[in-house]
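Peer 1: One structure is given below, represented as C-alpha coordinates, and several questions about it will come after.
The values are calculated or read from the model by the stated rules, or taken from the named source; none is laboratory data. What you see is a predicted model; the values in this text were computed from it and never measured. For neighbour counting, all protein chains shown are included, and Cβ atoms are generated from backbone atoms with ideal geometry for every residue, glycine included.
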Amino acid sequence: MTNMTPRERAVHVLSRVEQEGAFANLLLQSELREVEDGRDRQLITTLVNGTLKNRLTLDFALRKHLRTPLSALPHEVRWILRISAFQLLYLSRIPASAAVNEGVELTKSRQGKYTGLVNGVLHKVIETGWNIRWPNSGKEAVRYLSVRYSHPEWMVRRWLKRYGFEETEALCQTNNEPAPLWIRTNTLKITREDLRDRLQKEGVQVNIGERVPESLILENPGAIDRLESFQAGLFTVQDESSQLVAHVLNPQPGERVLDACAAPGGKTTHLAQKMRNQGEILAFDIYPHKVELIAQLAERLGITNIQAQEGDARELIGVKNGSCQKVLVDAPCSGLGLIRRRADLRYHKAEEEIEKLPLLQLEILERAAQCVARDGELVYSTCTLEPEENFEVVKAFRKAHPEFKPVNLVDILPFSLTEEQDIRQAEKGMLQILPHRHGMDGFFLAKFQRVEV
(Lines give C-alpha, C1' and ligand atoms only; values in the text may rest on other atoms or scores of the structure.)
Protein backbone atom coordinates (compact mmCIF):
# COMPACT_ATOMS: atom_id res chain seq x y z
CA MET A 1 0.00 0.00 0.00
CA THR A 2 2.83 2.41 0.83
CA ASN A 3 4.28 2.29 -2.72
CA MET A 4 1.06 3.27 -4.48
CA THR A 5 1.12 6.28 -6.79
CA PRO A 6 -1.29 9.19 -6.07
CA ARG A 7 -3.55 8.15 -8.98
CA GLU A 8 -3.54 4.55 -7.75
CA ARG A 9 -4.55 5.71 -4.28
CA ALA A 10 -7.32 7.87 -5.74
CA VAL A 11 -8.72 4.90 -7.70
CA HIS A 12 -8.45 2.76 -4.55
CA VAL A 13 -10.49 5.29 -2.51
CA LEU A 14 -13.13 5.81 -5.22
CA SER A 15 -13.56 2.08 -5.84
CA ARG A 16 -14.18 1.55 -2.13
CA VAL A 17 -16.66 4.44 -2.04
CA GLU A 18 -18.62 2.71 -4.80
CA GLN A 19 -18.33 -0.86 -3.52
CA GLU A 20 -18.81 -0.24 0.19
CA GLY A 21 -21.09 2.82 0.10
CA ALA A 22 -18.54 4.48 2.40
CA PHE A 23 -18.18 8.26 2.82
CA ALA A 24 -15.41 9.62 0.62
CA ASN A 25 -14.17 12.20 3.13
CA LEU A 26 -13.54 9.54 5.81
CA LEU A 27 -11.80 7.14 3.43
CA LEU A 28 -9.71 9.98 2.05
CA GLN A 29 -8.58 11.07 5.52
CA SER A 30 -7.56 7.50 6.30
CA GLU A 31 -5.65 7.15 3.00
CA LEU A 32 -3.82 10.46 3.40
CA ARG A 33 -2.35 9.40 6.75
CA GLU A 34 -0.07 7.03 4.79
CA VAL A 35 1.22 9.80 2.48
CA GLU A 36 4.10 12.01 3.60
CA ASP A 37 4.64 14.18 0.52
CA GLY A 38 2.43 17.30 0.61
CA ARG A 39 2.13 17.54 -3.18
CA ASP A 40 1.02 13.90 -3.42
CA ARG A 41 -1.57 14.50 -0.68
CA GLN A 42 -2.91 17.50 -2.56
CA LEU A 43 -3.09 15.59 -5.86
CA ILE A 44 -4.94 12.65 -4.28
CA THR A 45 -7.43 15.05 -2.65
CA THR A 46 -7.99 16.92 -5.92
CA LEU A 47 -8.47 13.71 -7.91
CA VAL A 48 -10.89 12.11 -5.44
CA ASN A 49 -13.02 15.19 -4.76
CA GLY A 50 -12.92 16.53 -8.33
CA THR A 51 -13.77 13.20 -9.95
CA LEU A 52 -16.60 12.55 -7.51
CA LYS A 53 -18.11 16.01 -7.83
CA ASN A 54 -18.05 15.83 -11.64
CA ARG A 55 -18.94 12.16 -12.01
CA LEU A 56 -22.18 12.63 -13.98
CA THR A 57 -20.46 15.06 -16.38
CA LEU A 58 -17.49 12.73 -16.85
CA ASP A 59 -19.78 9.76 -17.50
CA PHE A 60 -21.72 11.78 -20.09
CA ALA A 61 -18.46 12.66 -21.86
CA LEU A 62 -17.03 9.11 -21.69
CA ARG A 63 -20.20 7.44 -23.01
CA LYS A 64 -19.71 9.27 -26.30
CA HIS A 65 -16.59 7.16 -26.89
CA LEU A 66 -17.72 3.77 -25.55
CA ARG A 67 -19.47 1.00 -27.43
CA THR A 68 -20.37 -0.82 -24.21
CA PRO A 69 -22.18 0.82 -21.25
CA LEU A 70 -19.93 2.17 -18.48
CA SER A 71 -21.86 0.00 -16.03
CA ALA A 72 -20.64 -3.12 -17.87
CA LEU A 73 -16.99 -2.31 -17.10
CA PRO A 74 -15.24 -3.39 -13.87
CA HIS A 75 -15.49 -0.69 -11.18
CA GLU A 76 -11.71 -0.10 -11.22
CA VAL A 77 -11.74 0.52 -14.98
CA ARG A 78 -14.64 2.95 -14.61
CA TRP A 79 -12.74 4.99 -12.02
CA ILE A 80 -9.49 4.92 -14.00
CA LEU A 81 -11.42 6.34 -16.98
CA ARG A 82 -13.13 8.96 -14.83
CA ILE A 83 -9.97 10.07 -13.03
CA SER A 84 -8.05 10.30 -16.31
CA ALA A 85 -10.88 12.19 -18.06
CA PHE A 86 -11.13 14.55 -15.07
CA GLN A 87 -7.45 15.44 -15.48
CA LEU A 88 -7.81 15.91 -19.24
CA LEU A 89 -10.93 18.08 -19.02
CA TYR A 90 -10.50 19.98 -15.75
CA LEU A 91 -6.80 20.14 -14.78
CA SER A 92 -4.85 22.21 -17.29
CA ARG A 93 -1.61 22.04 -15.27
CA ILE A 94 -1.33 18.24 -15.73
CA PRO A 95 0.06 17.32 -19.19
CA ALA A 96 -2.39 15.22 -21.23
CA SER A 97 0.32 12.67 -21.96
CA ALA A 98 0.95 12.12 -18.23
CA ALA A 99 -2.77 11.64 -17.49
CA VAL A 100 -3.17 9.12 -20.34
CA ASN A 101 0.07 7.22 -19.62
CA GLU A 102 -0.73 6.87 -15.91
CA GLY A 103 -4.26 5.72 -16.72
CA VAL A 104 -3.02 3.13 -19.21
CA GLU A 105 -0.27 1.83 -16.89
CA LEU A 106 -2.75 1.60 -14.00
CA THR A 107 -5.13 -0.42 -16.18
CA LYS A 108 -2.31 -2.66 -17.40
CA SER A 109 -1.31 -3.54 -13.82
CA ARG A 110 -4.85 -4.05 -12.45
CA GLN A 111 -7.25 -4.88 -15.32
CA GLY A 112 -4.89 -5.81 -18.18
CA LYS A 113 -7.42 -6.83 -20.82
CA TYR A 114 -8.99 -3.34 -20.78
CA THR A 115 -5.70 -1.52 -21.51
CA GLY A 116 -6.51 -0.96 -25.20
CA LEU A 117 -10.02 0.28 -24.42
CA VAL A 118 -8.74 2.82 -21.84
CA ASN A 119 -6.00 4.04 -24.18
CA GLY A 120 -8.43 4.48 -27.09
CA VAL A 121 -11.14 6.24 -25.07
CA LEU A 122 -8.72 8.68 -23.43
CA HIS A 123 -7.21 9.68 -26.77
CA LYS A 124 -10.74 10.39 -28.02
CA VAL A 125 -11.36 12.53 -24.92
CA ILE A 126 -8.25 14.56 -25.81
CA GLU A 127 -9.48 15.01 -29.42
CA THR A 128 -13.00 16.04 -28.37
CA GLY A 129 -12.12 18.14 -25.30
CA TRP A 130 -15.11 20.22 -24.24
CA ASN A 131 -16.61 20.10 -27.73
CA ILE A 132 -19.43 17.98 -26.34
CA ARG A 133 -23.01 18.01 -27.60
CA TRP A 134 -24.97 18.78 -24.43
CA PRO A 135 -28.74 18.51 -24.02
CA ASN A 136 -30.55 21.68 -25.16
CA SER A 137 -30.55 24.09 -22.20
CA GLY A 138 -33.77 25.73 -23.37
CA LYS A 139 -35.82 22.59 -24.04
CA GLU A 140 -34.21 20.27 -21.49
CA ALA A 141 -33.04 22.60 -18.70
CA VAL A 142 -33.14 19.89 -15.99
CA ARG A 143 -31.22 17.35 -18.07
CA TYR A 144 -28.73 19.98 -19.26
CA LEU A 145 -27.88 21.29 -15.77
CA SER A 146 -27.75 17.75 -14.38
CA VAL A 147 -25.16 16.42 -16.83
CA ARG A 148 -23.31 19.71 -17.32
CA TYR A 149 -22.78 20.30 -13.58
CA SER A 150 -23.18 16.76 -12.23
CA HIS A 151 -26.19 17.19 -9.93
CA PRO A 152 -29.05 14.67 -9.63
CA GLU A 153 -32.07 15.72 -11.67
CA TRP A 154 -34.40 15.89 -8.66
CA MET A 155 -32.19 18.54 -7.01
CA VAL A 156 -31.94 20.59 -10.20
CA ARG A 157 -35.72 20.42 -10.66
CA ARG A 158 -36.35 21.77 -7.15
CA TRP A 159 -33.88 24.63 -7.52
CA LEU A 160 -35.11 25.61 -10.99
CA LYS A 161 -38.61 26.11 -9.60
CA ARG A 162 -37.28 28.25 -6.77
CA TYR A 163 -34.40 30.20 -8.30
CA GLY A 164 -34.79 30.06 -12.09
CA PHE A 165 -32.15 28.94 -14.62
CA GLU A 166 -29.32 31.44 -14.10
CA GLU A 167 -29.23 31.21 -10.32
CA THR A 168 -29.55 27.41 -10.33
CA GLU A 169 -26.62 27.25 -12.73
CA ALA A 170 -24.59 29.54 -10.43
CA LEU A 171 -25.44 27.34 -7.41
CA CYS A 172 -24.41 24.16 -9.25
CA GLN A 173 -21.15 25.79 -10.41
CA THR A 174 -20.34 26.91 -6.85
CA ASN A 175 -21.04 23.42 -5.50
CA ASN A 176 -18.40 22.04 -7.87
CA GLU A 177 -15.67 24.44 -6.75
CA PRO A 178 -13.11 23.40 -4.09
CA ALA A 179 -14.49 24.22 -0.64
CA PRO A 180 -12.48 26.87 1.23
CA LEU A 181 -10.94 25.66 4.47
CA TRP A 182 -12.20 27.83 7.34
CA ILE A 183 -11.01 27.49 10.91
CA ARG A 184 -12.25 29.05 14.15
CA THR A 185 -9.76 30.57 16.57
CA ASN A 186 -9.98 29.21 20.11
CA THR A 187 -10.21 32.62 21.79
CA LEU A 188 -9.90 31.00 25.21
CA LYS A 189 -6.22 30.41 24.39
CA ILE A 190 -5.14 32.88 21.68
CA THR A 191 -6.23 35.91 19.64
CA ARG A 192 -6.99 35.54 15.95
CA GLU A 193 -4.04 37.74 14.97
CA ASP A 194 -1.60 35.76 17.12
CA LEU A 195 -2.95 32.50 15.69
CA ARG A 196 -2.48 33.82 12.16
CA ASP A 197 1.14 34.74 12.94
CA ARG A 198 1.80 31.36 14.52
CA LEU A 199 0.30 29.44 11.60
CA GLN A 200 2.40 31.48 9.16
CA LYS A 201 5.50 30.46 11.11
CA GLU A 202 4.35 26.84 10.69
CA GLY A 203 4.39 27.39 6.94
CA VAL A 204 0.65 27.82 6.34
CA GLN A 205 -0.86 30.52 4.14
CA VAL A 206 -3.55 32.30 6.17
CA ASN A 207 -6.12 34.99 5.49
CA ILE A 208 -8.37 36.79 7.98
CA GLY A 209 -12.11 36.17 7.61
CA GLU A 210 -14.25 39.24 7.04
CA ARG A 211 -17.57 38.11 8.52
CA VAL A 212 -16.84 36.34 11.80
CA PRO A 213 -14.32 37.67 14.36
CA GLU A 214 -12.79 34.24 15.05
CA SER A 215 -12.53 33.04 11.44
CA LEU A 216 -9.41 32.38 9.37
CA ILE A 217 -9.10 30.75 5.96
CA LEU A 218 -6.17 28.41 5.24
CA GLU A 219 -4.57 27.78 1.84
CA ASN A 220 -3.04 24.33 1.22
CA PRO A 221 -2.22 23.60 4.88
CA GLY A 222 -1.36 19.92 4.35
CA ALA A 223 -2.25 17.59 7.21
CA ILE A 224 -4.02 19.89 9.67
CA ASP A 225 -3.87 17.49 12.61
CA ARG A 226 -0.06 17.48 12.36
CA LEU A 227 0.21 21.23 12.95
CA GLU A 228 1.51 22.18 16.39
CA SER A 229 -1.16 24.86 16.77
CA PHE A 230 -3.88 22.26 16.12
CA GLN A 231 -2.43 19.84 18.65
CA ALA A 232 -2.20 22.70 21.17
CA GLY A 233 -5.95 23.29 20.77
CA LEU A 234 -5.62 26.79 19.33
CA PHE A 235 -8.26 26.25 16.63
CA THR A 236 -10.81 23.89 15.16
CA VAL A 237 -12.06 23.45 11.60
CA GLN A 238 -15.48 25.08 11.09
CA ASP A 239 -17.07 26.87 8.14
CA GLU A 240 -17.90 30.56 8.55
CA SER A 241 -21.65 30.03 8.18
CA SER A 242 -21.58 27.52 11.03
CA GLN A 243 -19.59 30.02 13.14
CA LEU A 244 -22.50 32.48 12.90
CA VAL A 245 -24.64 30.34 15.23
CA ALA A 246 -22.83 31.15 18.47
CA HIS A 247 -22.91 34.87 17.66
CA VAL A 248 -26.64 34.76 16.96
CA LEU A 249 -27.47 32.79 20.13
CA ASN A 250 -24.92 34.90 22.07
CA PRO A 251 -24.78 33.01 25.39
CA GLN A 252 -23.24 34.87 28.33
CA PRO A 253 -20.76 33.67 30.99
CA GLY A 254 -22.61 31.91 33.81
CA GLU A 255 -25.73 31.03 31.83
CA ARG A 256 -27.26 27.57 31.47
CA VAL A 257 -27.31 26.59 27.80
CA LEU A 258 -28.84 23.60 26.01
CA ASP A 259 -27.45 22.26 22.72
CA ALA A 260 -30.03 19.64 21.73
CA CYS A 261 -28.19 18.09 18.72
CA ALA A 262 -24.59 18.85 19.57
CA ALA A 263 -22.26 16.41 17.78
CA PRO A 264 -19.53 16.67 16.64
CA GLY A 265 -19.24 19.72 18.90
CA GLY A 266 -18.10 22.60 16.67
CA LYS A 267 -20.98 24.89 17.61
CA THR A 268 -21.04 23.61 21.21
CA THR A 269 -17.41 24.54 21.82
CA HIS A 270 -17.96 27.93 20.15
CA LEU A 271 -20.80 28.57 22.60
CA ALA A 272 -18.37 27.71 25.40
CA GLN A 273 -15.88 30.26 24.05
CA LYS A 274 -18.57 32.94 24.02
CA MET A 275 -19.29 32.03 27.66
CA ARG A 276 -15.58 32.25 28.50
CA ASN A 277 -15.83 28.63 29.72
CA GLN A 278 -18.15 29.78 32.55
CA GLY A 279 -21.66 28.51 33.21
CA GLU A 280 -23.00 25.20 31.93
CA ILE A 281 -23.73 23.68 28.52
CA LEU A 282 -25.90 20.55 28.32
CA ALA A 283 -24.87 18.90 25.04
CA PHE A 284 -26.98 16.00 23.75
CA ASP A 285 -26.57 13.56 20.89
CA ILE A 286 -28.43 10.34 20.19
CA TYR A 287 -25.31 8.35 19.22
CA PRO A 288 -22.74 7.37 21.90
CA HIS A 289 -19.74 7.52 19.53
CA LYS A 290 -20.72 11.08 18.56
CA VAL A 291 -21.03 12.11 22.20
CA GLU A 292 -17.43 10.98 22.55
CA LEU A 293 -16.44 13.32 19.66
CA ILE A 294 -17.89 16.29 21.58
CA ALA A 295 -15.91 15.33 24.69
CA GLN A 296 -12.68 14.85 22.70
CA LEU A 297 -13.00 18.23 20.98
CA ALA A 298 -13.74 20.00 24.27
CA GLU A 299 -10.68 18.38 25.84
CA ARG A 300 -8.38 19.40 22.96
CA LEU A 301 -9.63 23.00 23.18
CA GLY A 302 -9.32 23.09 26.99
CA ILE A 303 -13.07 23.56 27.58
CA THR A 304 -14.59 22.27 30.82
CA ASN A 305 -18.16 23.64 31.00
CA ILE A 306 -19.74 21.15 28.55
CA GLN A 307 -21.68 18.15 29.83
CA ALA A 308 -21.80 15.85 26.80
CA GLN A 309 -24.45 13.15 27.17
CA GLU A 310 -26.29 10.55 25.15
CA GLY A 311 -29.95 11.32 24.63
CA ASP A 312 -32.76 11.76 22.12
CA ALA A 313 -33.39 15.43 21.36
CA ARG A 314 -37.12 14.70 21.19
CA GLU A 315 -37.03 13.74 24.86
CA LEU A 316 -34.09 15.57 26.53
CA ILE A 317 -34.47 13.46 29.64
CA GLY A 318 -33.23 15.23 32.76
CA VAL A 319 -33.64 18.78 31.43
CA LYS A 320 -36.35 20.66 33.35
CA ASN A 321 -38.84 22.84 31.54
CA GLY A 322 -37.91 26.51 31.62
CA SER A 323 -34.43 25.82 33.01
CA CYS A 324 -32.17 27.17 30.21
CA GLN A 325 -31.51 30.80 29.29
CA LYS A 326 -30.29 29.87 25.80
CA VAL A 327 -31.23 26.86 23.65
CA LEU A 328 -29.79 25.74 20.32
CA VAL A 329 -31.50 23.27 17.97
CA ASP A 330 -29.05 22.55 15.15
CA ALA A 331 -31.43 20.05 13.63
CA PRO A 332 -30.65 16.91 11.63
CA CYS A 333 -31.32 17.84 7.99
CA SER A 334 -30.75 16.85 4.38
CA GLY A 335 -27.45 18.77 4.39
CA LEU A 336 -27.85 20.15 0.86
CA GLY A 337 -25.96 23.30 1.87
CA LEU A 338 -22.78 21.22 2.21
CA ILE A 339 -22.54 19.81 -1.33
CA ARG A 340 -19.44 21.89 -2.12
CA ARG A 341 -17.73 20.53 1.01
CA ARG A 342 -18.79 16.88 0.75
CA ALA A 343 -17.96 15.59 -2.72
CA ASP A 344 -20.25 12.53 -2.68
CA LEU A 345 -23.14 14.01 -0.68
CA ARG A 346 -25.25 14.74 -3.77
CA TYR A 347 -25.36 11.01 -4.65
CA HIS A 348 -26.30 9.83 -1.14
CA LYS A 349 -29.45 11.95 -0.87
CA ALA A 350 -33.03 11.25 -1.94
CA GLU A 351 -35.91 13.69 -2.27
CA GLU A 352 -38.03 11.58 0.10
CA GLU A 353 -35.76 12.67 2.96
CA ILE A 354 -36.90 16.27 2.55
CA GLU A 355 -40.50 15.15 2.88
CA LYS A 356 -39.86 13.18 6.10
CA LEU A 357 -37.32 15.34 7.96
CA PRO A 358 -39.57 18.34 8.85
CA LEU A 359 -41.66 16.16 11.17
CA LEU A 360 -38.53 15.15 13.13
CA GLN A 361 -37.20 18.72 13.10
CA LEU A 362 -40.47 20.07 14.49
CA GLU A 363 -40.59 17.37 17.19
CA ILE A 364 -37.09 18.33 18.36
CA LEU A 365 -37.92 22.03 18.26
CA GLU A 366 -41.12 21.49 20.26
CA ARG A 367 -39.29 19.65 23.07
CA ALA A 368 -36.33 22.04 23.14
CA ALA A 369 -38.69 25.01 23.32
CA GLN A 370 -40.12 23.68 26.59
CA CYS A 371 -36.65 24.02 28.13
CA VAL A 372 -36.38 27.77 27.38
CA ALA A 373 -36.69 30.00 30.45
CA ARG A 374 -38.96 33.05 30.48
CA ASP A 375 -37.28 35.81 28.42
CA GLY A 376 -34.81 33.16 27.26
CA GLU A 377 -33.82 32.67 23.63
CA LEU A 378 -33.99 29.82 21.13
CA VAL A 379 -32.05 29.40 17.87
CA TYR A 380 -33.06 26.90 15.16
CA SER A 381 -30.46 26.14 12.49
CA THR A 382 -29.83 23.70 9.64
CA CYS A 383 -27.19 23.23 6.93
CA THR A 384 -29.71 22.92 4.12
CA LEU A 385 -31.27 25.18 1.47
CA GLU A 386 -34.70 23.56 1.39
CA PRO A 387 -37.70 25.66 2.54
CA GLU A 388 -39.59 22.63 3.90
CA GLU A 389 -36.81 22.14 6.47
CA ASN A 390 -36.33 25.84 7.17
CA PHE A 391 -39.03 28.48 6.65
CA GLU A 392 -41.89 25.96 6.77
CA VAL A 393 -40.67 24.43 10.07
CA VAL A 394 -40.37 27.93 11.57
CA LYS A 395 -43.85 28.83 10.30
CA ALA A 396 -45.41 25.70 11.85
CA PHE A 397 -43.58 26.28 15.14
CA ARG A 398 -44.64 29.92 15.36
CA LYS A 399 -48.26 29.02 14.65
CA ALA A 400 -48.26 26.54 17.54
CA HIS A 401 -46.23 28.78 19.90
CA PRO A 402 -47.26 32.44 19.92
CA GLU A 403 -45.21 32.86 23.11
CA PHE A 404 -42.05 32.72 20.94
CA LYS A 405 -41.44 35.99 19.13
CA PRO A 406 -38.89 36.37 16.31
CA VAL A 407 -35.73 38.32 17.15
CA ASN A 408 -34.38 40.82 14.59
CA LEU A 409 -31.02 39.43 13.39
CA VAL A 410 -29.78 42.54 11.59
CA ASP A 411 -27.86 43.95 14.57
CA ILE A 412 -26.94 40.54 16.07
CA LEU A 413 -25.05 39.16 13.10
CA PRO A 414 -21.27 39.80 13.23
CA PHE A 415 -21.30 41.22 9.70
CA SER A 416 -23.52 43.64 7.77
CA LEU A 417 -26.07 42.35 5.28
CA THR A 418 -26.09 44.15 1.93
CA GLU A 419 -28.88 42.45 -0.05
CA GLU A 420 -32.38 43.84 0.47
CA GLN A 421 -33.87 40.33 0.48
CA ASP A 422 -31.48 39.22 3.25
CA ILE A 423 -32.22 42.32 5.35
CA ARG A 424 -35.99 41.76 5.10
CA GLN A 425 -35.55 38.12 6.14
CA ALA A 426 -33.24 39.00 9.03
CA GLU A 427 -35.66 41.61 10.35
CA LYS A 428 -38.19 38.77 10.65
CA GLY A 429 -35.71 36.70 12.64
CA MET A 430 -34.49 34.37 9.88
CA LEU A 431 -31.64 34.13 7.38
CA GLN A 432 -31.04 31.70 4.51
CA ILE A 433 -27.38 31.61 3.46
CA LEU A 434 -26.68 30.36 -0.08
CA PRO A 435 -23.21 29.25 -1.27
CA HIS A 436 -23.33 31.11 -4.60
CA ARG A 437 -24.61 34.35 -3.05
CA HIS A 438 -22.73 34.50 0.23
CA GLY A 439 -19.56 32.46 -0.38
CA MET A 440 -20.27 30.24 2.64
CA ASP A 441 -21.78 26.80 3.14
CA GLY A 442 -25.55 26.80 2.69
CA PHE A 443 -27.10 27.43 6.10
CA PHE A 444 -30.32 28.60 7.77
CA LEU A 445 -30.79 30.47 11.06
CA ALA A 446 -33.87 31.56 13.01
CA LYS A 447 -34.01 33.15 16.46
CA PHE A 448 -36.90 33.53 18.92
CA GLN A 449 -37.38 34.94 22.40
CA ARG A 450 -39.85 33.44 24.86
CA VAL A 451 -42.25 36.12 26.11
CA GLU A 452 -45.49 35.98 28.06
CA VAL A 453 -48.68 36.21 25.99
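Peer 1: Can you give me the number of residues within the stretch 54-75 that are under 19 Å from Ala343 (Cα atoms) and part of a helix (DSSP H, G or I)?
Peer 2: Qualifying residue count for the region: 7.
Peer 1: Any idea which of Glu310, Glu355, Glu351 is surrounded by fewer than 21 Cβ atoms within 10 Å (Cβ to Cβ) and in contact with a Phe, Trp or Tyr (Cβ under 7 Å, 6 or more places away or on another chain)?
Peer 2: So the residue among Glu310, Glu355, Glu351 that is surrounded by fewer than 21 Cβ atoms within 10 Å (Cβ to Cβ) and in contact with a Phe, Trp or Tyr (Cβ under 7 Å, 6 or more places away or on another chain) is Glu351.
Peer 1: What is the one condition in (1) within 19 Å of the chain's Cα centre (by Cα); (2) surrounded by 19 or more Cβ atoms within 10 Å (Cβ to Cβ); (3) not hydroxyl-bearing (Ser, Thr, Tyr) that Gly21 does not satisfy?
Peer 2: (2)
Peer 1: While we're on this one: Given the residues Thr107, Thr68, which is the only one that is surrounded by 17 or more Cβ atoms within 10 Å (Cβ to Cβ) and of a type in the set (Ser, Thr, Tyr)?
Peer 2: Thr107
Peer 1: Right, another one. Among the residues of the stretch 312-329, is there at least one that is of a type outside the set (A, V, I, L, M), within 30 Å of His436 (Cβ to Cβ) and not assigned by TED's automatic domain parsing to the domain that holds Ser146?
Peer 2: No: the stretch 312-329 contains no residue that is of a type outside the set (A, V, I, L, M), within 30 Å of His436 (Cβ to Cβ) and not assigned by TED's automatic domain parsing to the domain that holds Ser146.
Peer 1: Next up: Taking the condition of being surrounded by fewer than 17 Cβ atoms within 10 Å (Cβ to Cβ) and part of a helix (DSSP H, G or I), how many residues in the stretch 170-188 meet it?
Peer 2: Residues meeting the conditions: 2.
Peer 1: State whether one or more residues within the stretch 430-452 are within 14 Å of Leu249 (Cα to Cα) and modelled with pLDDT under 95.
Peer 2: Looking for residues that are within 14 Å of Leu249 (Cα to Cα) and modelled with pLDDT under 95, one finds none in the stretch 430-452, hence no.
Peer 1: If the Cβ limit is 8 Å and pairs must be 6+ apart or interchain, which residue in the stretch 261-288 that is within 20 Å of Asn321 (Cβ to Cβ) pairs with which residue that is of a type in the set (Phe, Trp, Tyr) and surrounded by 23 or more Cβ atoms within 10 Å (Cβ to Cβ)?
Peer 2: Cys261/Phe284; Ala262/Phe284
Peer 1: Do any helices (runs of 4 or more DSSP H) entirely within the stretch 363-453 hold 3 or more residues that are loosely packed, with under 15 Cβ neighbours inside 10 Å, and if so, which?
Peer 2: Qualifying helices (runs of 4 or more DSSP H): 391-400, 420-427.
Peer 1: What's the number of the only condition in (1) farther than 27 Å from Lys274 by Cβ; (2) under 22 Å from the mean Cα position of the chain (by Cα); (3) free of Cβ contacts under 8 Å to residues at least 40 places away in the same chain that Gly203 fails to meet?
Peer 2: Condition (2) is where Gly203 drops out.
Peer 1: Let me ask something else about it. Among the numbered criteria (1) within 17 Å of Gln87 (Cβ to Cβ); (2) outside any helix (DSSP H, G or I); (3) among the polar types (S, T, N, Q), which single criterion is violated by Asn3?
Peer 2: (1)
Peer 1: Of the residues that sit in the stretch 78-89 and are touching a residue at least 60 places away in the same chain (Cβ under 8 Å) and closer than 17 Å to Tyr149 by Cα, which one is surrounded by the most Cβ atoms within 10 Å (Cβ to Cβ)?
Peer 2: Residue satisfying both the conditions and the ranking: Arg82.
Peer 1: Sort out which residues of the stretch 133-144 are exposed (fewer than 14 other Cβ atoms within 10 Å of the Cβ) and aliphatic (A, V, I, L, M), and write them in order of number.
Peer 2: Once the filter is applied, which keeps residues that are exposed (fewer than 14 other Cβ atoms within 10 Å of the Cβ) and aliphatic (A, V, I, L, M), the stretch 133-144 yields nothing.
Peer 1: Separate question: Which pairs do you get when a residue that is over 20 Å from Ala61 (Cβ atoms), found in the stretch 149-170, comes within reach of a residue that is among the small types (Gly, Ala, Ser) and crowded, with 16+ Cβ neighbours inside 10 Å, reach meaning Cβ atoms under 7 angstrom, with the pair 6+ apart or on two chains?
Peer 2: Listed pairs, sorted by first residue: Leu160/Ala141; Phe165/Ala141.
Peer 1: Within the stretch 90-132, track down each residue that is touching a residue at least 12 places away in the same chain (Cβ under 8 Å) and assigned to a loop (DSSP other than H, G, I, E, B).
Peer 2: Answer for the stretch 90-132, where residues must be touching a residue at least 12 places away in the same chain (Cβ under 8 Å) and assigned to a loop (DSSP other than H, G, I, E, B): Leu91, Gln111, Gly129, Trp130, Ile132.
Peer 1: Follow-up. Scan the stretch 14-36 and report the pairs whose first residue is free of Cβ contacts under 8 Å to residues at least 60 places away in the same chain and whose second residue is surrounded by 12 or more Cβ atoms within 10 Å (Cβ to Cβ) and of a type in the set (D, E, K, R), with Cβ atoms within less than 6 Å and a gap of 6+ or a chain change.
Peer 2: Here the result reads Ala22/Arg16; Leu27/Arg16; Glu31/Arg9; Val35/Arg41, each pair linking the stretch 14-36 to a residue that is surrounded by 12 or more Cβ atoms within 10 Å (Cβ to Cβ) and of a type in the set (D, E, K, R).
Peer 1: Hey, another quick one. Could you count how many residues in the stretch 32-53 are outside any helix (DSSP H, G or I) and either aliphatic (A, V, I, L, M) or crowded, with 21+ Cβ neighbours inside 10 Å (or both)?
Peer 2: Selection size over the stretch 32-53: 1.
Peer 1: Are there any strands (runs of 3 or more DSSP E) wholly within the stretch 189-289 with 1 or more residues that are under 30 Å from Gly38 (Cβ atoms) and touching a strand residue (DSSP E or B) at 6+ places or on another chain (Cβ under 6 Å), and if so which?
Peer 2: 205-208, 215-219, 235-237
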